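A single structure is presented below for examination.
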Amino acid sequence: MADLTYIPAWAGFLYLAAVLDAFSRRIVGWAMEAHLRTELGREALNMALARRRPAAVIHHSDQGTQYTSIAFGRRCREAGVRPSMGSVGDCFDHALCASFFATLECELLDRRRFRTPVEARRAVFEFSEGRDNPHRRHSALDYLSPINYETSHHPRESTASPPPSTRPG
């Protein structure tokens, strides 16, 4: 599942695109920029693809222009990803992403203001990769964190740190 949100910073808004694995609720891809162009959603998808290397997967999002663009559709075809979009105005369609963003807002964004985009990227990285994925327990996952849930279902797969290209810069 994928969605976008905004992050207030001193210099203006930054936009965050996230890709969430619906099986484990793990954030597997994200990108942050000062624009809402197609590249934002495509970069989050690229991170998810690099980390997961899926054989056959569905990318579900809303009908925002970032996901309905020809360039995004082309990238999905190249990667063997089947795009799926919810109906217009259906807020329940990708509620898992909305839930992650609500937690991000409550536990990070409402408590901090970011001076620079680099500071915001670092904070989002630490929140998703350092707190949410390894530690946040979900009732739907038998009160396990996303990483622990994945490990319990696929014990041989590595949950090592993301490749260097996914670290904030």
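What follows is calculated from the coordinates using simple rules that are stated; it is not laboratory data. Given the structure is predicted, the values throughout are model-derived calculations rather than measurements. Glycine also receives a Cβ, built like all others from the backbone with ideal geometry; neighbour counts cover every protein chain displayed.
Test of understanding: what is the full-extension gain from residue 137 to residue 78, defined as 0.36 nm times their sequence separation minus their Cα-Cα distance?
17.8 nm
Take each complete run of DSSP H in the chain, measure how far its Cα atoms stretch along the helix's own axis, and keep only those covering 18 Å or more with mean Kyte-Doolittle hydropathy at least -0.5; list them.
Those that clear 18 Å and a mean of -0.5 are 38-52.
Taking the Cβ-Cβ separation of residue 88 and residue 50 as r and a Förster radius of 25 Å, what is the calculated FRET efficiency to the nearest 0.05?
0.20
Can you list residues whose amide H is under 5 Å from residue 28's amide H, if they're 5+ apart or on another chain and H is modeled 1.01 Å from N?
Under 5 Å from the amide H of residue 28: 19, 20, 21.
Give a quick list of chymotrypsin sites (Phe, Trp or Tyr not before Pro) in segment 89-133 that DSSP marks as loop, anything other than H, G, I, E or B, with at most 11 other Cβ atoms within 10 Å.
When the chymotrypsin sites (Phe, Trp or Tyr not before Pro) of segment 89-133 are filtered for loop state and at most 11 Cβ neighbours within 10 Å, 92 remain.
Multiply the residue gap between residue 22 and residue 103 by 0.36 nm, knock off their C-alpha separation, and tell me the result in nm, one decimal place.
Using 0.36 nm per residue and subtracting the Cα-Cα distance, I get 27.5 nm.
If we count every other residue with Cβ under 11 angstrom of residue 14's Cβ, Lys/Arg +1 and Asp/Glu -1, where does the sum land? Please list the in-between numbers first.
On the way: positive: 121; negative: 33, 119.
That works out to -1.
Could you work out the relative contact order of the chain? I mean the mean sequence separation of Cα pairs under 8 Å and 6+ apart, divided by the number of residues, in percent.
22
State to the nearest 20 debye the size of the charge dipole of the chain about its Cα centre, where the only charges are +1 on K and R beta carbons and -1 on D and E beta carbons.
Dipole size: approximately 460 debye.
Of the listed peptides 5-14, 128-137, 23-32, what is their order by residue-averaged count of other C-beta atoms within 10 Å, with the highest listed first?
Those peptides, ordered most packed to least, come out 23-32, 128-137, 5-14.
Which FRET efficiency, nearest 0.05, do residue 115 and residue 153 yield, Cβ-Cβ r, R0 30 Å?
Efficiency for this residue pair is about 0.15.
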